Each structure stands twice: as C-alpha cells, then as structure tokens.
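Note sheet for the following structure.
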Amino acid sequence: MFITWSAKELIASATNTPLIEYHYRWMDESEYRKWSQKMRAFALSCVDRSAINDNDLNYLLVSMQNLSDTKLLKGVSVSFVYPPGSGSTISGSRLLSKTPAIKGDVLEMCSNNGFEIRGLDFHPHWEHTAILAVKGTSQPFAVLQKSEVATLFEQRNLKTTLVRNEVLITLISLGLAIVIALFYFMSLSSARTEANRDD
C-alpha cells in the first residue's frame, strides 16, 4: 500500500504542476519513404516558406505536450537552436497540432540556426509537434523563452514518463502491493502451520 500511495502522490504532484514535456524523434528510413512527400508538403522553407523539395534532408519531429491535468498554459514561446559549429542547419519547419489541440494564431520564425514559436497555448494534455527539415544529424537545444505562468519545460525523462503513464503505473503499483500482501499472508500462514506442528 505504501508503494501505491507513493506512486499516486508523485503523479498527483506532477500532474498539478505546469509541465511541458518535449521529445525528439528522427524519422527512420522506412517511415521517411512512406511519409517523405507529406513531410515535404508540411515543412516550409526558411527562406521563402514554400514547400520543401530536398531529398538530402533529415526530418526531426519535436513533440511538446502539457502533462498537467489542470493547468492551462498560455502565451508559451519556445525555440530550438543549433549553436555555431554544430554542423547542422534548419532548411524548413512547420508546427502541427494533434487533435484536439488547436495551433491558433501563433508566430513561427525559422532561420538556419533555429526555429522559434511564439504565443502557443497548451490546454491540459494538448500536444503540438514541430517538424524540422534538417541538414545534419544533431539535435538542437530547446529553450523556453516565455510563458504567462511559470512553466517547467523538460525533455522526456523518468518523471515525465511516470506522469504520462499515470494510470498504468498506479495499476502496476496496486498489483505489486497485492502480490506482496498475498506473499506475506501465505508466509505467515505457513509459519503458523509449522509452529502448530512443533507444538
């Protein structure tokens, strides 16, 4: 029961905290072959915002999700930046929103060394994904520039994974507590049986 209570308290604390998790994922070769035309249509050139048409680009998907159950995060501005000498540049970008999230009236700015989004809203569990058409293979630095409320902006880690899987973690903890309790009572019953035999 202590394990279950501890897991629930940790998750409850995290889900009441303004927390945006971001996660990088490169499109693998098979996925790229399947979706390459779609990605090119989505990603717009940093130069003239026309559709990207370059076969030598790698596509980096940056998913951002509000993990809070209760907090509306408004006016969020984030940037993804390549430092000088990284060997990677951004050729195109585009922000997409996963239903029921709405992109709204945001400002997207793209340059060779970075992509910035201004004025993004995150209702609880809303998710937005930035598509970056990259020349190179390194990941950019993610920076939270601004938010109307104090907000944590963290790359996927153990804490954010626990929060995203709160129901599963709670069930596993409860199941583990039940197994431990059953094992304890079975051991106790066996010990009593042995004591009675000795008497």
| note | Checked the range 103-122 for anything of a type in the set (Lys, Arg) and part of a loop (DSSP other than H, G, I, E, B); matches are Lys103
| Of everything in the range 75-97 that's under 11 Å from Phe122 (Cα atoms) and in contact with a Phe, Trp or Tyr (Cβ under 8 Å, 6 or more places away or on another chain), which residue is surrounded by the fewest Cβ atoms within 10 Å (Cβ to Cβ)? | Ser97
| field | Neighbours by Cβ (under 8 Å, 6+ apart or cross-chain): first from the range 123-135, over 24 Å from Asp54 (Cβ atoms) and outside any strand (DSSP E or B); second open to solvent by 10 Å² or more (accessible area, probe 1.4 Å) and of a type in the set (D, E, K, R) | value | Pro124/Asp69; Pro124/Lys71; His125/Asp69; Trp126/Lys98
| message | Return the pair list, or none, for Cβ contacts closer than 7 Å from residues in the range 61-75 that are under 21 Å from Phe141 (Cα atoms) to residues that are modelled with pLDDT of 90 or more and of a type in the set (Gly, Ala, Ser), at least 6 apart or on different chains. | response | Val62/Ala130; Gly75/Gly119; Gly75/Ser147
| said: Among the listed residues Leu162, Leu144, identify the single one that is modelled with pLDDT of 95 or more and of a type outside the set (Val, Ile, Thr). | reply: Leu144
| field | Tally, over the range 177-191, of residues that are modelled with pLDDT under 70 and either of a type outside the set (Gly, Ala, Ser) or open to solvent by less than 50 Å² (accessible area, probe 1.4 Å) (or both) | value | 4
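The values are calculated or read from the model by the stated rules, or taken from the named source; none is laboratory data. This is a predicted model, so every value here is computed, not measured. Ideal geometry is used to build each Cβ from the backbone, glycine not excepted, and the neighbour counts take in all protein chains shown. Note: areas computed on protein heavy atoms with side chains; ligands, DNA, RNA excluded. Shrake-Rupley method; radii C 1.70, N 1.55, O 1.52, S 1.80 Å.
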